[in-house]
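Take a look at the structure below.
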């Protein structure tokens, strides 16, 4: 697991000014999964719903990602992802082609939404690994 053994100043280490820390990245993942859960449900339940974009920078600042607890954020992410899995494993085949209209990305099918959330988590997992590697180099650890 990418976050095994993360604690103390490693949680708040940033690789460069303006970049997110591990703490902020995991909080972002938890909130993005929450938004994703809502969007997936909208597309399944409603006819062509509007999927409203949000400002991740505003959320990072105004929802105080710098103080969120990484373990709680990770648990939130895992719990919501598990709920999404339980929901999606039973949807009928026709549901995968249902669409919502994203305010920035335009029409998106349920399938494409799910792919984008999977890619999002994978991308941030790689980012977290890079932060950890940079932290170890900066602290002279192997």
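Would you confirm, using the coordinates I've provided, whether residue 66 is surrounded by 12 or more Cβ atoms within 10 Å (Cβ to Cβ), in contact (Cβ under 8 Å) with a residue 40 or more places away in the chain and under 26 Å from residue 13 (Cα atoms)?
Yes.
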Task: Given (1) closer than 28 Å to residue 106 by Cα; (2) over 14 Å from the mean Cα position of the chain (by Cα); (3) part of a helix (DSSP H, G or I), number of the condition residue 33 does not satisfy - done: (2)
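Quick one: is residue 114 part of a helix (DSSP H, G or I), touching a residue at least 60 places away in the same chain (Cβ under 8 Å), under 14 Å from residue 25 (Cα atoms) and touching a helix residue (DSSP H, G or I) at 6+ places or on another chain (Cβ under 8 Å)? Full working, then the answer.
Details: part of a helix (DSSP H, G or I): yes; touching a residue at least 60 places away in the same chain (Cβ under 8 Å): yes; under 14 Å from residue 25 (Cα atoms): no; touching a helix residue (DSSP H, G or I) at 6+ places or on another chain (Cβ under 8 Å): yes.
No, not satisfied.
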- [ ] Return the pairs, sorted by first residue and then second, in which the second residue is surrounded by 10 or more Cβ atoms within 10 Å (Cβ to Cβ) and at pLDDT 95 or above, the first residue lies in the range 77-92 and is closer than 16 Å to residue 122 by Cβ, the beta carbons are less than 7 Å apart, and the residues are 6+ apart or on different chains.
- [x] 77/29; 77/30; 77/33; 81/33; 84/37; 84/40
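The values are calculated or read from the model by the stated rules, or taken from the named source; none is laboratory data. Fair warning: this is a prediction, and the values are worked out from it, not measured in the lab. Don't worry about glycine lacking a Cβ; one is built from the backbone with ideal geometry, like all the others, and counts go over all protein chains shown.
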